Number of protein chains: 2
Amino acid sequence: MDWLDSVKWDRDGLVPVIAQEQGSQDVLMFAFMNREALAQTAASGRAVYWSRSRRRLWVKGETSGHVQQVHEIRLDCDNDVVLLKVSQLGHEPADPSIACHTGRHSCFFQKLEGGQWHSVEPVLKDPERIYK
Amino acid sequence: MDWLDSVKWDRDGLVPVIAQEQGSQDVLMFAFMNREALAQTAASGRAVYWSRSRRRLWVKGETSGHVQQVHEIRLDCDNDVVLLKVSQLGHEPADPSIACHTGRHSCFFQKLEGGQWHSVEPVLKDPERIYK
């Protein structure tokens, strides 16, 4: 059986994907893949997602240069969630990596404190300079 | 504005949630919350999810004893994914924690290698002994 057939695709033919940074172990982002995206990710070693808003394959970093090198692909106990271990590339070598389209390290930069969401991670690069 | 109103709930009134273990930084599991589950999680400091199969609130560990103490609640850049930093409780003190209903540490125990999924994490406790 094809390993792609083991994945339980949802009603839209997608599977949720968590990208975790190798090394720091930070959870960088969350996105979706369809079958073709997961196949391309495994074949190329670069993360390819399915953009639900643009309705097309989205090679992470195709515009920003912030590509993800994939070291490991994991599947959960219910076969319906994927976890990637990645190296987030394309940033200044001395800086933390940038996975978020806001120019931050991680997409999970809002922290609940005192009944409010607070941005607790700095913008490392102005998005206007990322998406030229 | 209520912090719960900032969350973009999906068409089913749910938000995907990633649980990451404080300390090890391992991604333990993935589940969903509705508004009530997230409110209870924040109020109680214990992870409460929405079980889509049972269609009811699910206090993680209510049967197994493997409750999750919540240290941090994060929200992503699109306000539609939650990340929890948790301590996974209820296991033998000398052993790794158990988050998965299969008796494993993490739900993400299947690794893609050579075009096949391989279970690469041991069962720490027989599920029949977990769910008595």
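At a glance:
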| read-out | value |
| --- | --- |
| Sequence of A:Glu36, A:Glu121 when ordered by accessible area, the most exposed leading, probe 1.4 angstrom | A:Glu36, A:Glu121 |
| Calculated from backbone phi, Karplus (6.51, -1.76, 1.60) coupling profile of region B:57-72 in Hz, x at Gly/Pro | 4, 9, 6, 3, x, 4, 9, 7, x, 8, 6, 10, 7, 9, 9, 8 |
| Rounded, prolate or oblate (a/c below 1.5 giving rounded, otherwise prolate when a/b exceeds b/c) for the protein assembly as shown by Cα gyration tensor | oblate |
| Exposure rank, largest accessible area first [A:Tyr49, B:Tyr131; 1.4 Å] | B:Tyr131, A:Tyr49 |
| Region A:57-132 shape via C-alpha gyration tensor axes, a/c threshold 1.5 | oblate |
| Average other protein chain Cβ within 10 Å of Cβ, residues B:76-87 | 5 |
| Peptide-level mean, for A:99-110, of C-beta atoms on other protein chains within 10 Å | 4 |
| Closest-to-axis residue of chain B (Cβ criterion, axis taking B to A), whole Å | B:Gln25, 2 |
| Choice from B:Leu75, B:Leu38, B:Leu112 with maximal GNM fluctuation in chain B (Cα, 10 Å cutoff) | B:Leu112 |
| Accessible solvent surface per residue of region A:33-131, calculated while the other protein chains remain in place, 1.4 angstrom probe, Å² | 47 Å² |
| Value of relative contact order over chain A, rounded to a whole percent, pairs C-alpha under 8 Å and six or more apart | 20 percent |
| Prolate/oblate/rounded call for region A:23-91, Cα gyration tensor, a/c under 1.5 rounded | oblate |
| Amide H contacts under 5 Å for A:Val86, placed H, 5+ residues apart | A:Gln20, A:Glu21, A:Gln22, A:His71 |
| In region B:1-83, the trypsin sites (Lys or Arg not before Pro) that fall in loop regions by DSSP, at most 13 other Cβ within 10 Å | B:Lys8, B:Arg11, B:Arg52, B:Arg54, B:Arg55 |
| Solvent-accessible area, 1.4 Å probe, carbon plus sulfur percent, for region A:48-132 | 46 percent |
| Teacher prompt: B:Asp12 distances to equivalent labels in other copies, 7 Å Cα→Cβ, nm | 1.2 |
| Gain on full stretching of the segment that runs from B:Glu36 to B:Arg55 - 0.36 nm per residue minus C-alpha separation | 5.6 nm |
| Area of B:Asp78 that stays accessible when all protein chains are in place (1.4 Å probe, Å², to 10) | 70 Å² |
| Dipole of region B:9-132, positive end: most advanced residue of B:Leu84, B:Ala47, B:Leu112 [Cβ charges, Cα centre] | B:Ala47 |
| Calculated label separations, B:Pro122, copies of the chain, 7 Å along the beta-carbon direction, nm | 4.4 |
| Within chain A: Cβ-based charge dipole about Cα centre, in debye rounded to nearest 20 (Lys, Arg +1; Asp, Glu -1) | 420 debye |
| In nm, spacing of pseudo-spin labels at A:Ser24 and A:His118 (7 Å Cα→C-beta vector) | 2.0 nm |
| Kirkwood-based shape ratio for region A:1-117, expressed as Rg/Rh from alpha carbons | 0.99 |
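The values are calculated or read from the model by the stated rules, or taken from the named source; none is laboratory data. Remember, it's a predicted structure, so these values are computed and weren't measured experimentally. Virtual Cβ from ideal backbone geometry, glycine too; neighbours counted across all protein chains shown. Side chains included, ligands, DNA and RNA excluded: accessible areas come from the protein's heavy atoms. Shrake-Rupley method; radii C 1.70, N 1.55, O 1.52, S 1.80 Å.
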